[in-house]
1. Looking at this structure, is Thr109 in contact with a Leu (Cβ under 7 Å, 6 or more places away or on another chain), touching a residue at least 24 places away in the same chain (Cβ under 8 Å) and farther than 24 Å from Arg503 by Cβ?
2. Take the residues of region 373-393 that are touching a Ser or Thr at 6+ places or on another chain (Cβ under 6 Å) and in a loop (DSSP other than H, G, I, E, B): which is nearest to His467 (Cα to Cα)?
3. Kindly indicate whether any position in region 399-422 is open to solvent by less than 70 Å² (accessible area, probe 1.4 Å), closer than 25 Å to Ala515 by Cβ, touching a residue at least 24 places away in the same chain (Cβ under 8 Å) and among the small types (Gly, Ala, Ser).
4. Quick check on my filter: what residues within region 415-453 are polar (S, T, N, Q), within 29 Å of the chain's Cα centre (by Cα), closer than 14 Å to Asn376 by Cα and part of a loop (DSSP other than H, G, I, E, B)?
5. Would you point out the residue of region 341-363, among those that are free of Cβ contacts under 8 Å to residues at least 60 places away in the same chain and assigned to a helix (DSSP H, G or I), that is surrounded by the most Cβ atoms within 10 Å (Cβ to Cβ)?
6. For region 76-86, enumerate the residues that are within 16 Å of Thr505 (Cα to Cα) and of a type outside the set (D, E, K, R).
7. In region 484-573, which strands (runs of 3 or more DSSP E) lie fully inside it and hold 1 or more residues that are open to solvent by less than 20 Å² (accessible area, probe 1.4 Å), more than 22 Å from Glu417 (Cβ to Cβ) and modelled with pLDDT of 95 or more?
8. Just to be sure, is Leu391 within 22 Å of the chain's Cα centre (by Cα) and open to solvent by 20 Å² or more (accessible area, probe 1.4 Å)?
Amino acid sequence: MRSLLCILFFFSTFLQFSLAAPKIRHFKWEVGYLFWSPDCIENVVMGINGQFPGPTIHAKTGDTINVELTNKLHTEGVVIHWHGIRQFGTPWADGTASISQCVTNPEETFVYRFKVDKPGTYFYHGHYGMQRSAGLYGSIIVEVADGEKEPFHYDGEFNLLLSDWWHKNVHEQEVGLSSIPFRWIYEPQSLLINGKGQYNCSLAGHYSNSSSETCDLKGKWQCAPHFLHVLPNKTYRLRITSTTSLASLNLAIGNHKMLVVEADGNYVQPFAVDDIDIYSGESYSVLITTDQNPSMNYWVSIGVRGRLPKTPQGLTLINYLPNSVSKLPASPPPITPTWNDYDHSKSFSNKILALQGSAKPPVQATRRIVLLNTQNKINGYTKWSINNVSLVLPSTPYLGSMKFGLKGAFLNKNPPENFGSNYDIMRPPINPNSTQGNGVYMFALHSTIDVILQNANALSDNVSEIHPWHLHGHDFWVLGYGEGKFNEKTDMKKFNLKNPPLRNTAVIFPYGWTALRFVADNPGVWAFHCHIEPHLHMGMGVIFAEGVEHIGKIPNDAIACGMTAKMLMTGQH
């Protein structure tokens, strides 16, 4: 009997351990172009395994993700960035062309293998050219490890992946951005929720006096809305991510408050709002309670912010079961705040604070760099620049060239750490000419870095745009926002060192500044850039590096191109 009890105890212990142990989750993906109708108009999109958006990755904290990615694009390379995953110990898996890896060429296969180290709402997307604009993106949902709990309760959850969509193909957009005269991409034709939208019609057409007709979606499964089916008197978690190429968005739900509980994979002090602003690269979790009239359905709406909106709202429904989804709400969709009501945007951003008990930033920084965002000209081409340098990536990935000390692979010159004190951020640049470069900001390992993002006037009078900036390989604390030109003596006193939120993406508002602090504790080479796709394409980014000498063996297929390929072939390493 005793031996039987021992066997049962051993078996139950083994079973508990095996259930709780992290898993390796394998995926086999093929990236290719396919005909699709994201907004009921057939177009060519970039998909994975014949679907758009790409498959959702579900994992738990501590799991290892193994994606075997084969390029079926025929005429162009591909890489995928795992947005918000910090890649500790696997910097070559970050998925940034010419930075962390070589482009994966047609018919080649590259294996991404990395650990997801904290729970949260994330996504992945193409990071070569403007492939995100072509539709190469999908969601990553990381749950808490077995035996752990979230700091909030909910009965069910939904995933909302938000994006914008153009009928002009991405290659035509790229050529226009790189032409003389400059050809802008203009505003998107549609806003998509989970890859679904409606062009030239509206789910809510009968509420409007506009020319939009009510949509006839019979048989149009590729663009039919993704409805949120709920039960009354329950609490639901909405995981909301923006992978837009251009648009800043506002999301609201008719008659329902939202309780914000997570931002970019980090818990925040919960706060209730009627709507949220979400910029490209950001993610949130909000809780809603289905405590409204259960005989009705309610609108979920997204609209454009920060730009004069020429794109109709994207819509779907919260469907209170057992109501039919054909039963439209009694009231029109929520109205998006005025596009240039920046006070509304700033009010929301300033409410985002770290959950009590979260890690606090170091009290002081080791180093501070100030990055001025400007629109410029280079030989007649329109560019974006940082401290008057427009980023052009080298043919050899930084990670390999820096690891092996290759000379001439990129500009071995320290990029500027500030801009002239007499620069007037309120006016177009007096001298609009800029230069191109690909130098690297080198940080000592474990040093604390402050980054001041400074916005300015563009080439046209009275134009200063919103720019959401995303940092690879790290989270940062958002210490504060401010108006006008950053003043070290007065503005540093306003920094929030008590409970600043940890993020991986932060916005700078027109004619303002945003202060960030992070610890350079992740050996690798990392992109830091505006997440608006055409802005990055036009040079709006910089490169950070730390502790490259501490990186172990880098897989050859990550860096076997450019000068590194020659070195590997000749065995010089």
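1. On the way: in contact with a Leu (Cβ under 7 Å, 6 or more places away or on another chain): yes; touching a residue at least 24 places away in the same chain (Cβ under 8 Å): yes; farther than 24 Å from Arg503 by Cβ: yes.
Here the answer is yes, as Thr109 does meet what is asked.
2. Checked region 373-393; the qualifying residue nearest to His467 (Cα to Cα) is Asn388.
3. No: zero hits.
4. The one that is polar (S, T, N, Q), within 29 Å of the chain's Cα centre (by Cα), closer than 14 Å to Asn376 by Cα and part of a loop (DSSP other than H, G, I, E, B): Ser434.
5. If we filter region 341-363 for residues that are free of Cβ contacts under 8 Å to residues at least 60 places away in the same chain, which is where we start, we get 341, 343, 347, 357.
Right, trim to assigned to a helix (DSSP H, G or I) and you get 343, 347.
Values: Asp343: 10, Ser347: 12.
Among residues in region 341-363 that are free of Cβ contacts under 8 Å to residues at least 60 places away in the same chain and assigned to a helix (DSSP H, G or I), the one surrounded by the most Cβ atoms within 10 Å (Cβ to Cβ) is Ser347.
6. Within region 76-86, the subset within 16 Å of Thr505 (Cα to Cα) is 81-86.
Hits for region 76-86 are His81, Trp82, His83, Gly84, Ile85.
7. Working: elements: 505-508, 512-519, 524-530, 541-546.
Here the list reads 505-508.
8. The answer is yes for Leu391.
The values are calculated or read from the model by the stated rules, or taken from the named source; none is laboratory data. Computed from a predicted structure; not experimentally measured. Note: ideal-geometry Cβ built from the backbone for every residue, glycine included; neighbour counts use all protein chains shown. Ligands, DNA and RNA are stripped out before the accessible areas are found, and what is left, the full protein with its side chains, is counted by its heavy atoms. Shrake-Rupley method; radii C 1.70, N 1.55, O 1.52, S 1.80 Å.
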